[in-house]
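Student: Could you have a look at this structure, given as structure tokens, before my questions?
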Amino acid sequence: MDVDVDHYLVLGLPTGDEGTKLSEKEISKAYRAKALELHPDKRQDDPDAHANFQRLKSSYEILKNDKERKAFDDRLRTRLEQQRRQTQQDSRKRKLVSDLEERERAAFAPDPSAVARKEDEKINQKFRDEIAAIRAMHANKGEATPPLKTTNVSSGKGSTGGSDNGLDKDKVLKVTWEKVGPDYSPERLKELFSSFGKVEDVVIRSTKKRGSALVVMGSRDAVVAATGTTCGDLSNPLLVVPLQPTVATEFSSFQKPVEKDPMDKIVGKGYQDYEDLVMKKLQRAAQKRK
């Protein structure tokens, strides 16, 4: 006899503590009902019908015998208790594993402040990459056209960067931007560059693809402070360089000093004539302010 067979379940009865409380009459009634259901004459197409019926009879013989039923109840009780303990142990093991995994996640979880710093650095690096890409695009465009010769804006002879008419080239900035985001007005540029010093005048020239401006600062120190900075809207940053290439400036980590006027390569053909015209107007305006 298979020791793992639950004779109560074979007869379709409750098992465990409920099974031990069943009367002999209840067991006999369950056997008769099950025998009618599993009788081989009613299951002629079932090859296991005879074996199932014999197992039913064997279980009934054990349960109707008081001594054999008591021995079976003891074995069943022991087996069910083992199963309960095993279930409890498995549950404790799962909880221990879950707690351990939770502690490990907490131990190796990144510091929120470090995560925030890393995100800030990613944003800053992305901004620097975008600025570098814009400047590289300008440089590539400049290589396709011959470099323009820089002319002396001053009308006086022997000038070394100043102007006999009162306009000092060392105080002028060249500013360019791509038409890829918010545009810049003279008022907006004056507001931006006021943080570096006094702004005396702003002259803008724009095309469909590029905007450019000359910003006259109040001092050479203001020009030095503004040169090489990245300002304006993040979606459309400004490229700022001095009009006079001999001004000593410190560029940011992603802009190298250049010997020639970088705007000669950025603005493209035709800008020098426009620059001469603007400078003459600025010189006349400077004379009138004297």
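The values are calculated or read from the model by the stated rules, or taken from the named source; none is laboratory data. Note that this is a predicted model, so its numbers are computed, not measured. Glycine also receives a Cβ, built like all others from the backbone with ideal geometry; neighbour counts cover every protein chain displayed. In case anyone asks, the SASA skips ligands and DNA or RNA and just uses the protein heavy atoms, side chains included. Shrake-Rupley method; radii C 1.70, N 1.55, O 1.52, S 1.80 Å.
Student: Of all residues in region 185-196, how many are in a loop (DSSP other than H, G, I, E, B) and in contact with a strand residue (DSSP E or B) (Cβ under 6 Å, 6 or more places away or on another chain)? First the steps, then the outcome.
Tutor: Of region 185-196, the ones in a loop (DSSP other than H, G, I, E, B) are 185.
Keeping just the survivors that are in contact with a strand residue (DSSP E or B) (Cβ under 6 Å, 6 or more places away or on another chain) gives none.
Summing the residues that are in a loop (DSSP other than H, G, I, E, B) and in contact with a strand residue (DSSP E or B) (Cβ under 6 Å, 6 or more places away or on another chain) in region 185-196 gives 0.
Student: Looking at region 197-216 only, could you name the residues that are open to solvent by less than 60 Å² (accessible area, probe 1.4 Å) and either touching a Pro at 6+ places or on another chain (Cβ under 7 Å) or outside any strand (DSSP E or B) (or both)?
Tutor: Passing the criteria: Gly197, Val202, Ile204.
Student: With the condition kept exactly as written, say whether any residue in region 151-168 is surrounded by 18 or more Cβ atoms within 10 Å (Cβ to Cβ), assigned to a helix (DSSP H, G or I) and at pLDDT 50 or above. Spell out the reasoning first.
Tutor: Within region 151-168, the subset surrounded by 18 or more Cβ atoms within 10 Å (Cβ to Cβ) is 153-154, 163, 165, 167-168.
If we keep only those that are assigned to a helix (DSSP H, G or I) too, we end up with none.
Checking region 151-168: not a single residue is surrounded by 18 or more Cβ atoms within 10 Å (Cβ to Cβ), assigned to a helix (DSSP H, G or I) and at pLDDT 50 or above.
Let's see how each residue does on (1) part of a loop (DSSP other than H, G, I, E, B); (2) loosely packed, with under 11 Cβ neighbours inside 10 Å; (3) of a type in the set (Asp, Glu):
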residue	(1), (2), (3)
Asp4	yes, yes, yes
Pro14	yes, no, no
Leu22	yes, no, no
Glu26	no, no, yes
Lys29	no, no, no
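Student: Is there a residue in region 90-99 that is among the hydrophobic types (A, V, I, L, M, F, W, C) and surrounded by 12 or more Cβ atoms within 10 Å (Cβ to Cβ)?
Tutor: Quick first cut of region 90-99, residues among the hydrophobic types (A, V, I, L, M, F, W, C) only: 96-97.
Checking the rest, the ones that are also surrounded by 12 or more Cβ atoms within 10 Å (Cβ to Cβ) come to none.
The answer is no, given that none of the residues of region 90-99 is among the hydrophobic types (A, V, I, L, M, F, W, C) and surrounded by 12 or more Cβ atoms within 10 Å (Cβ to Cβ).
Student: Are any of the residues in region 35-45 open to solvent by 50 Å² or more (accessible area, probe 1.4 Å), among the basic types (Lys, Arg), out of contact with any strand residue (DSSP E or B) (no Cβ under 6 Å at 6 or more places or on another chain) and within 25 Å of Asp73 (Cβ to Cβ)? Talk me through it step by step, then tell me what you get.
Tutor: Quick first cut of region 35-45, residues open to solvent by 50 Å² or more (accessible area, probe 1.4 Å) only: 36-37, 39, 41-45.
With the extra rule that they be among the basic types (Lys, Arg), the set shrinks to 42-43.
Then drop every residue that is not out of contact with any strand residue (DSSP E or B) (no Cβ under 6 Å at 6 or more places or on another chain), which leaves 42-43.
Next, only the ones that are within 25 Å of Asp73 (Cβ to Cβ) stay: none.
The answer is no, given that none of the residues of region 35-45 is open to solvent by 50 Å² or more (accessible area, probe 1.4 Å), among the basic types (Lys, Arg), out of contact with any strand residue (DSSP E or B) (no Cβ under 6 Å at 6 or more places or on another chain) and within 25 Å of Asp73 (Cβ to Cβ).
Student: Search region 217-241 for residues being assigned to a strand (DSSP E or B) and closer than 21 Å to Glu178 by Cα, and hand back the single one that is farthest from the chain's Cα centre (by Cα).
Tutor: Of region 217-241, the ones assigned to a strand (DSSP E or B) are 217, 232-233, 236-237, 239-241.
With closer than 21 Å to Glu178 by Cα added as a condition, the list becomes 232-233, 236-237, 239-241.
Working: Gly232: 25, Asp233: 22, Asn236: 22, Pro237: 23, Leu239: 28, Val240: 31, Val241: 34 Å.
The extreme case among them is Val241.
Student: Take the residues in region 46-77 that are of a type outside the set (D, E, K, R) and open to solvent by 100 Å² or more (accessible area, probe 1.4 Å), then tell me which one is nearest to Lys34 (Cα to Cα).
Tutor: Step one: list which residues in region 46-77 are of a type outside the set (D, E, K, R), which gives 47, 49-54, 56, 58-60, 62-63, 65, 71-72, 76.
Applying the additional criterion that residues be open to solvent by 100 Å² or more (accessible area, probe 1.4 Å) yields 47, 50.
On the way: Pro47: 18, His50: 13 Å.
Only one residue tops the list, namely His50.
Student: Which condition does Phe196 not pass, out of (1) of a type in the set (Phe, Trp, Tyr); (2) in contact with a helix residue (DSSP H, G or I) (Cβ under 6 Å, 6 or more places away or on another chain); (3) at pLDDT below 70, if it passes all the others?
Tutor: Exception for Phe196: condition (3).
Student: Does Ser219 satisfy the criteria of being out of contact with any strand residue (DSSP E or B) (no Cβ under 9 Å at 6 or more places or on another chain), modelled with pLDDT of 85 or more and open to solvent by 30 Å² or more (accessible area, probe 1.4 Å)? Let's see the steps before the verdict.
Tutor: Numbers: out of contact with any strand residue (DSSP E or B) (no Cβ under 9 Å at 6 or more places or on another chain): yes; modelled with pLDDT of 85 or more: yes; open to solvent by 30 Å² or more (accessible area, probe 1.4 Å): yes.
Judged against the criteria, Ser219 is a match.
Student: Continuing with the same structure: Does any residue in region 197-215 that is free of Cβ contacts under 8 Å to residues at least 60 places away in the same chain and of a type in the set (D, E, K, R) come within less than 6 Å, Cβ to Cβ, of a residue that is outside any strand (DSSP E or B) and open to solvent by 40 Å² or more (accessible area, probe 1.4 Å) six or more places away or on a different chain, and which pairs are these?
Tutor: Filtered contacts from region 197-215: Lys209/Lys179.
Student: Something else: Considering (1) in a helix (DSSP H, G or I); (2) free of Cβ contacts under 8 Å to residues at least 40 places away in the same chain; (3) over 60 Å from the mean Cα position of the chain (by Cα), say which one Gln44 fails and leave the rest.
Tutor: (1)
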